[in-house]
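Asker: Sharing a structure, written as structure tokens. Questions coming.
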Amino acid sequence: MSPSLNAKIAQVFDEPGCDVNQAKSEKERKKGCTKQLTPGAAAGGCAFDGAKIALQPIVDVAHLVHGPIACEGNSWDNRHSASSGPQTYRTGFTTDINELDVVYGGEKRLFKSIREIAEKTKPPAIFVYQTCVTAMIGDDIEAVCKRATDKFGLPVIPVDAPGFAGPKNLGNKLGAEALLDHVIGTVEPELLTPYDINIIGEYNLSGELWQVKPLLDALGVRVLSCISGDGRYKEIAGAHRARANMMVCSKSMINIATRMQQRFGIPYFEGSFYGISDMSTTLREIARLLVERGADAELKQRTEALIAAEEARAWERIRAYRERLAGKRVLLITGGVKSWSVVSALQEAGLEVVGTSVKKSTKEDKEKIKEIMGLKDDDSAHMIDDLSPREMYAMLRDAKADIMLSGGRSQFVALKARMPWMDINQERHHAFAGYEGMVTMIAEIDKALFNPMWREVRTPAPWETQDALLVAEA
């Protein structure tokens, strides 16, 4: 691993927004949280995958993977991050290096690839991703990107996050570091208002951002940039002029929020768009921060009026669902912000959460789960650190849960147990954010739970019934 990458990783883990980090001595804090990588440490996604996931939703730039074509094929479009305009981000660009490049180096091929993209696609910027192979043969993507920037007159951004550097979450933060080092603060916005905010760690999955923006528009609050869902390069480059930042998923891009607070004095808070009460709390926090930063105090009154109207409408729309879902038990296998924010939404629907995974959750996420679920400090039964497929299967077969909400990789466990399952992670096709998203989520859970298919698949097969009769007769 190069010295520059080692230094960057140590900087990423010297995180002022982390309570664990701040509890250390100055000497220990400088060491960061680095530890020896072990086989399987990147299971579920490597650092390159995490960086690509974090940055690919910037829709108008070209994302060029410098490495074997398999790296691009594995990471391309694996989230339903929607765009309201440009579709450049949906094109998979790769240098597709081969054995000769491994022997002689791939820097010339990288430069030619950048030139071809600049001439044919003409994006406002090109992001170049380092991968394991090109990092191990010593390709200096930073030098190539600097030369290409000077030659072609557009920003070429190096994203130094080879897969062997660590797991996916580290890659999220290394991708964020690329924005901090090369993008944020490089362009001045054409227009500024006292109501400008950035939303950080929101990927616009299935258009979730679009369910929240109308609420902000109604308040006169402008999203100066979203990092990175439906993002534009120029907007993100001018994000340093916002009045406040909202952090959606602290597990992925907390370093952007804390570093912008240090460099530009922009305050931030962590909020959630899932559930009725959490959505209302988020709107109140946005209004509070903006008023503190110079917006008209009347913004708070407008916010309360909007919340009252939207909450009444949402509660009325889910009333019938609440009656049907009351007492139904849910097993939630997800991570990060969803490990606590979705819990709150499910409880509002009258559902009982029998367990939520905390494998990808921060210490702060876990504290929020305890508060929301009313758990004691020593009660870990409802907080699942790492549930194996066998344990998931047993939990569902023993009817400890009526439905499982998880990512696509766990769906076959539920199907094998003949239990309802619903996708809650990034592969889903429904948007669950905001008041409208809450209604959609509850409706989808209702559909999954009461689908007549489950009654059919649980009915014994005719030959099983016949065998039972023969045994009884004998």
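The values are calculated or read from the model by the stated rules, or taken from the named source; none is laboratory data. The structure displayed is predicted, hence computed values, not measured ones. Only protein heavy atoms, including side chains, enter the accessible area calculation; ligands, DNA and RNA are left aside. Shrake-Rupley method; radii C 1.70, N 1.55, O 1.52, S 1.80 Å.
Asker: Could you run the Karplus curve 6.51 cos²θ - 1.76 cosθ + 1.60 with θ = phi - 60° over segment 81-89 and give me ³J(HN,Hα) per residue in whole Hz, x for Gly and Pro?
Answerer: Working through the residues one at a time gives 7, 7, 10, 8, x, x, 10, 4, 5 Hz.
Asker: Sticking with this structure for a sec: As a test of the formula, what do you get for the chain when each DSSP H run with n ≥ 4 contributes -39,500 (n - 2.57) and the sum is divided by the residue count, at 222 nm and rounded to the nearest 500 deg cm²/dmol?
Answerer: -15000 deg cm²/dmol
Asker: Measuring with a 1.4 Å probe in the full set of protein chains, what accessible area per residue, in whole Å², belongs to segment 305-357?
Answerer: On a per-residue basis, segment 305-357 sits at 38 Å².
Asker: Calculate how steeply helix 250-264 sits against the longest principal axis of the alpha-carbon atoms of the chain, using the helix alpha-carbon long axis, and give the answer as 0 to 90 degrees to the nearest 10.
Answerer: Between helix and principal axis, roughly 40 degrees.
Asker: May I ask you to derive the relative contact order of the chain, considering only C-alpha pairs under 8 Å and at least 6 residues apart, and to give it as an integer percent?
Answerer: 13 percent
Asker: Per residue, how much accessible area does segment 138-193 show when a 1.4 Å probe rolls over the protein heavy atoms, in square angstrom?
Answerer: Heavy-atom accessible area per residue stands at 41 Å².
Asker: First obtain the Kirkwood hydrodynamic radius of segment 97-172 from its Cα pairs, then insert it into the Stokes-Einstein equation at 4 °C and 1.567 mPa s, and state the resulting D in µm² per second as a whole number.
Answerer: Taking Rh from Cα pairs, D becomes 100 µm²/s.
Asker: By how many degrees, between 0 and 90 and to the nearest 10, does the Cα long axis of helix 363-373 differ from the longest principal axis of the chain?
Answerer: 30 degrees
Asker: List the aspartates and glutamates whose Cα sits under 20 Å from the Cα of Lys122, skipping any in the same chain fewer than 8 residues away.
Answerer: Counting by Cα, and skipping residues close in sequence, Lys122 has these aspartates and glutamates nearby: Asp60, Asp150, Asp230, Glu235.
Asker: Moving on to the next point. Keeping the other protein chains in place, figure out the carbon and sulfur percent of the accessible area of the chain, with a 1.4 Å probe.
Answerer: It is 53 percent, rounded to a whole number.
Asker: Sticking with this one: Antiparallel versus total DSSP beta bridges in the chain: what percent is that, nearest 5?
Answerer: The antiparallel fraction comes to roughly 5 percent.
Asker: From the phi of every residue in segment 120-136, what ³J(HN,Hα) in whole Hz does the Karplus formula 6.51 cos²θ - 1.76 cosθ + 1.60 yield, where θ is phi - 60° and glycine or proline is x?
Answerer: 8, 9, 6, x, x, 6, 10, 9, 10, 9, 6, 10, 4, 4, 5, 5, 6
Asker: Next up: Against the longest alpha carbon principal axis of the chain, how many degrees, from 0 to 90 and to the nearest 10, is the axis of helix 141-152 turned?
Answerer: Orientation of helix 141-152: about 60 degrees from the principal axis.
Asker: Averaged per residue, what accessible surface does segment 217-257 expose to a 1.4 Å probe, in Å²?
Answerer: Roughly 23 Å² per residue, with all protein chains present.
Asker: In 10 Å bins starting at zero, report the fraction of Cα pairs in the chain per bin as a rounded %.
Answerer: 4, 19, 28, 25, 16, 6, 2, 1, 0
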